[in-house]
Each structure stands twice: as structure tokens, then as C-alpha cells.
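Peer 1: The structure under discussion is supplied below as C-alpha cells; questions concerning it will follow.
The values are calculated or read from the model by the stated rules, or taken from the named source; none is laboratory data. Note that this is a predicted model, so its numbers are computed, not measured. FYI the Cβ positions are ideal-geometry reconstructions off the backbone, even for glycines, and counts take in every protein chain you see. Just so you know, the surface numbers come from the protein's heavy atoms only, side chains and all, with ligands and any DNA or RNA stripped out. Shrake-Rupley method; radii C 1.70, N 1.55, O 1.52, S 1.80 Å.
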Amino acid sequence: SPAGLVIAVDGPAASGKGTLARRLSAHYGLPYLDTGLLYRMVARAMLEAGHDIRDAAAAGEIVSRFDQGAFDEDTLRGREIGEAASVVAAMPAVRSGLIERQRRFAGQPGGAVLDGRDIGTVICPQARAKLFVTATPEVRAARRHKELAGRGEEATFDNILADIRRRDARDSGRSDAPLKAADDAVILDTSALTIEEALAAAIAIVDRRRSAQPERILTER
Ligand code: CDP
Ligand code: CDP
């Protein structure tokens, strides 16, 4: 196909989609965008400016002046920012203000790997390969618990599990671009998979989509 290889990786919090997307980008030599960081940046700007996180007018204003620029990824990974990100991510003005830069990234000549919640459904509905990465809430909470402990953030497993359930409900329940698998996405449950096993399964799925006939892709549902 004349367009590049676009790989959409969606899924709930701590499902392993970021790790997988990063590994896929290395495997196929494609640029990678973690779209969750965009929502996290908006959330951080809201918190830093002292706005109520539910103030949609302020969030819309921040997005309209948003300059991605350079950012320190590590400071965006915290628990409080993840929670705040899911609040601003439900606002239509925030989502619409971030669409263009994501589509531009996906439109690079060779293609790209993007991960998030709505890549396969809204941002790149024409993506050649779509993965919907999941794992049980308990497995995701255990992964996030370990990850946050490594960052020095002390939170109990139960609190993290509650965070994850609340974020799942908010992300799946919003009316604008809710978290859900695209009709043509392949669901990859990583609950019992190591990172290497998940990567091997994902590569097999992407390679199958790459070699599929275009006619088949157009008619497949
Ligand atoms: O890494 P984790 O899955 O915990 O979070 P993230 O991917 O950084 O996303 C943080 C929040 O941003 C999510 O809970 C979503 O509400 C929102 N998000 C979104 O709505 N759409 C995306 N494409 C990416 C993230
Ligand atoms: O991007 P997302 O929030 O979906 O998850 P992630 O940041 O890729 O993964 C969350 C944590 O789970 C990381 O510390 C990964 O190393 C770990 N992980 C794992 O233990 N097994 C997997 N199959 C995938 C991820």
C-alpha cells in the first residue's frame, strides 16, 4: 500500500500497551507516540495553574495554546496526573484540540505506532493493524503497583486497584471517544503473558495484517 504501516494499540490503564507499542516501533523501525502523555500534559498544566480539574473552559483554553515542545516524560507518569488526565480526557474540547497533531504523527510517510484509548476507533480508523491490549484489573493493578513502587510512589495494591477500576469506568463511560475495541481490532489479553510473549503475539498479528489483501481489509468487519 502507498501509505505507511500504521499500528494502533489501544487498551485500559496498565494493560501493557505502552511497552508493547514501544517494542513494536523498534521491531518495525517506526516512530512511536504515547498519546496518553498528551492528556497527561494537559492535566499537569491544569494542576500547575491551580484550576479545578473539572473546569472544561480552562482545559479548552490550555489545549488551544498547547505547545508540545520538550517535556520530561518521567514527571508525567505519576498516579495523580493519570487520574486527572482521565478527567480532562472526557472533555470534547480537549479531545478535538488534540486530534490534529496525533493524525499528523500517524501520517508520516513510513507509518507510525500510536498507543492510547481511541487510536483504532477515532484517530486512525484506517490503521493497517489494530491491537486492543487487555489484562484483568488485578493483573494491571499488580503491574502498576510494582511500577509506582519503583518510582518511589507509595500506594497500596488496593488503592491502585480502585484507581484502575475508576479510570476504566470513566474512560469507557464517556460519550466522546470511549475506550473500546474497534470492530476490526484483534484483542490481546496479556494477563498470563510475559512482555516477550505479548510481543511475539503482536508481531504475528501485525504481519498477518500487512500481508492481507487490500480487498480483504476493505470488506473485513
Ligand atoms: O498508562 P496509562 O494507561 O495508565 O494512562 P495513559 O495511557 O497515559 O492515559 C491517561 C489517561 O488519558 C487515560 O485514563 C485516558 O482517560 C486518557 N487517554 C485518552 O482518553 N485517549 C488516549 N488516546 C490516551 C489517553
Ligand atoms: O501503557 P500501559 O499503561 O498500558 O502499560 P505499560 O506501562 O506498558 O505496562 C505497565 C507495567 O506492566 C510495566 O511496568 C510493564 O513492564 C509491565 N508489563 C508486564 O509485566 N507484562 C506485560 N506483558 C506487559 C507489561
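Peer 1: What distance in nm lies between label points placed 7 Å from Cα along the C-beta direction at Ile203 and Asp72?
Peer 2: According to this spin-label approximation, the distance is 3.6 nm.
Peer 1: From the Cα gyration tensor of the stretch 93-191, with a ≥ b ≥ c the square roots of its eigenvalues, which class applies: rounded if a/c is under 1.5, or else prolate if a/b is larger than b/c, or else oblate?
Peer 2: Cα axes put the stretch 93-191 in the prolate bin.
Peer 1: Can you give the helix-only mean residue ellipticity at 222 nm for the chain, where every DSSP H stretch with n ≥ 4 adds -39500 (n - 2.57) and the sum goes over all residues, rounded to the nearest 500 deg cm²/dmol?
Peer 2: On the way: 9 runs with 113 residues, N = 221.
The per-residue figure over the chain is -16000 deg cm²/dmol.
Peer 1: Please give the contour-minus-distance gain from Ala142 to Asp184: 0.36 nm per residue of separation, less the Cα-Cα distance, rounded to one decimal in nm.
Peer 2: Extra length from Ala142 to Asp184 when fully extended: 12.2 nm.
Peer 1: Something else now. Using a 1.4 Å probe, what is the accessible area per residue for the stretch 102-221, in Å²?
Peer 2: Working: 6430 Å² over 120 residues.
I get 54 Å² per residue for the stretch 102-221.
Peer 1: How much net charge surrounds Leu20 when only the other residues with a Cβ under 14 Å from the Cβ of Leu20 are counted, with Lys and Arg +1 and Asp and Glu -1?
Peer 2: 0
Peer 1: Work out how much length Glu83 to Thr194 would gain on full extension: take 0.36 nm times their residue separation and subtract the Cα-Cα distance, in nm to one decimal. All intermediate terms of the calculation are to be shown ahead of the outcome.
Peer 2: Values: separation 111, 0.36 × 111 = 39.96 nm, distance 2.64 nm.
Using 0.36 nm per residue and subtracting the Cα-Cα distance, I get 37.3 nm.
Peer 1: Another question, then. Mind checking the full-extension length gain between Asp55 and Arg103? Use 0.36 nm per residue of separation minus the Cα-Cα distance, one decimal, nm.
Peer 2: Details: separation 48, 0.36 × 48 = 17.28 nm, distance 2.63 nm.
Taking 0.36 nm per residue and subtracting the Cα distance, the gain is 14.7 nm.
Peer 1: Another question, if that's okay. Apply the a/c threshold of 1.5 to the C-alpha gyration tensor of the chain and tell me whether it is rounded, prolate or oblate.
Peer 2: Here the chain falls in the oblate category.
Peer 1: Separate question: So who's got an amide H within less than 5 Å of the one on Val6, skipping anything under 5 residues away but keeping other chains? H placed 1.01 Å off N, in plane.
Peer 2: Ala112, Arg128, Ala129
Peer 1: A further question follows. Show Ser211, Ser86, Ser191, Ser172 ordered by accessible area, largest first, where the area counts protein heavy atoms only and the probe is 1.4 Å. Kindly include the intermediate steps, with their values, before the conclusion.
Peer 2: Details: Ser211 85, Ser86 5, Ser191 35, Ser172 60 Å².
Largest to smallest exposure gives the sequence Ser211, Ser172, Ser191, Ser86.
Peer 1: Still on this structure: Once neighbouring chains are kept in place and the probe is 1.4 Å, which whole percent of the accessible area of the chain is contributed by carbon and sulfur?
Peer 2: Details: 5710 of 10780 Å².
In the chain, the share of accessible area belonging to carbon and sulfur is 53 percent.
Peer 1: Right, another one. Compute the Cα gyration tensor for the stretch 44-92, then decide on rounded, prolate or oblate, letting a ≥ b ≥ c be the square roots of its eigenvalues: rounded whenever a/c is under 1.5, prolate when a/b is larger than b/c in the other cases, and oblate in all that remain.
Peer 2: Taking the square roots of the gyration eigenvalues as a ≥ b ≥ c, the stretch 44-92 is oblate.
Peer 1: Amide H of Leu188 versus every other amide H placed in the peptide plane: which residues, excluding those fewer than 5 positions away on the same chain, fall under 5 Å?
Peer 2: Sorted by chain and number, the residues that satisfy this are Phe132, Val133, Thr134.
Peer 1: Can you give me the distance in nm between label points at Ser211 and Glu48, each placed 7 Å from the Cα along the Cα-to-Cβ direction?
Peer 2: Using points 7 Å along Cα→Cβ, the separation is 4.8 nm.
Peer 1: Still on this model: Can you give me the angle between helix 157-173 and the longest principal axis of the chain, using Cα atoms only, in degrees from 0 to 90, rounded to the nearest 10?
Peer 2: Around 70 degrees separate the two axes.
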